[in-house]
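What follows is a single structure, written as structure tokens, with notes after it.
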Amino acid sequence: MDILDAYVTTAPSAQNVIDIFRDEWSSKFPTDTGVMATPGSAALFEDPRIEWLSNTIGGFAGKNILELGPLEAGHTYMMHGAGAKSIVAIEANSRSYLKCLCVKEIFNLNRAQFRYGDAMRYLSETSERFDVCVASGILYHMVDPVEFLRNIARVSDTIFLWTHYYAESLRARQNLGRQFEEPYEIAVDGNSYTVCKRNYEEALNWAGFCGGGKPWAFWLTRDSLMRAITDSGFTVEAIEFDHPAHPNGPALALVARK
């Protein structure tokens, strides 16, 4: 790239900021902001899962929130707009982190703080506490999903999860089946869980890749997911968006509390 390609010749605008990451966005921007739609298609700035979470926990107003894996700050935008007192968002992907800063600037998310680093390391080392931990689209990118849940229990008594999980039905899917190896049992502190290794393969070639920091991750089965949550000290209070036939793999959303 010619260094002069990094310059713009038009007046400052939100679109200039968005175009820094042209063709790398996963999200489309909210329809009522006047900001031109990005190349992304996921409605993460107007996500019914976050609306459901708000209704389930009595709203975001006045709450201190930990968000793990904010991606492009769509959920951050929603929680901020709903009156969250503060949001600490941890993002390990450098390009996603920079996109979050772009969104923060465009929409003036002044009560949100984005931190660039690994969520697992943060959870294991921090002494901060939060009213709720929002972990949407991150558990199934972990190489140690059970430990991840246990670390969340250190920092909050309320957790929101949206995650994929492993089921044998995945093997019949032409686009996904070959990415999964054989499931097997692991033991964590004497408790047994079933996991399956998922390899990212060609997804790693996209500049907008938003998976984990390794070329693979481990998916829990649904039963093991529920037991891992319980073994971490939580009780599942509500489940929604329960989609065994989700195109990217079986998925569900849940709220659990201690």
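The values are calculated or read from the model by the stated rules, or taken from the named source; none is laboratory data. Quick caveat: nothing in here was measured; it's all calculated off a predicted structure. Cβ placement follows ideal geometry from the backbone for every residue including glycine, while neighbour counts extend to all protein chains displayed. For accessibility, only protein heavy atoms count, side chains too; no ligands or nucleic acids. Shrake-Rupley method; radii C 1.70, N 1.55, O 1.52, S 1.80 Å.
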From the set of residues in the range 167-187 that are of a type in the set (A, V, I, L, M) and loosely packed, with under 15 Cβ neighbours inside 10 Å, which is farthest from S232 (Cα to Cα)?
-> A172
Only one of (1) over 17 Å from F241 (Cβ atoms); (2) in contact with a Phe, Trp or Tyr (Cβ under 7 Å, 6 or more places away or on another chain); (3) not charged (D, E, K, R) is not met by L53, so which one is it?
-> (1)
Taking first residues from the range 1-26 that are in contact (Cβ under 8 Å) with a residue 60 or more places away in the chain and second residues anywhere that are loosely packed, with under 10 Cβ neighbours inside 10 Å and in a loop (DSSP other than H, G, I, E, B), the pairs with Cβ under 6 Å that are 6 or more apart or on different chains are E24/A207
Can you tell me which residue among R115, R111, R129, R121 is open to solvent by 40 Å² or more (accessible area, probe 1.4 Å) and over 30 Å from I20 (Cα atoms)?
-> R129
With the first residue restricted to the range 113-136 and required to be within 20 Å of V103 (Cα to Cα), and the second required to be small (G, A, S) and surrounded by fewer than 13 Cβ atoms within 10 Å (Cβ to Cβ), Cβ contacts under 9 Å at 6 or more apart or on different chains are Y116/S94
So which of F21, F60, F29 is surrounded by 11 or more Cβ atoms within 10 Å (Cβ to Cβ), aromatic (F, W, Y) and closer than 20 Å to S86 by Cβ?
-> F60
Which of (1) modelled with pLDDT under 90; (2) outside any loop (DSSP other than H, G, I, E, B) does G208 not meet, given it meets every other one?
-> (2)
In the range 141-154, is there at least one residue being open to solvent by less than 10 Å² (accessible area, probe 1.4 Å), within 24 Å of A42 (Cα to Cα) and in contact (Cβ under 8 Å) with a residue 24 or more places away in the chain?
-> no
Pairs only if they're at least six apart or on different chains, beta carbon under 6 angstrom, first in the range 79-90 and without any contact (Cβ under 8 Å) to a residue 12 or more places away in the chain and at negative phi, second open to solvent by 30 Å² or more (accessible area, probe 1.4 Å) and hydrophobic (A, V, I, L, M, F, W, C); list them, first residue then second.
-> none
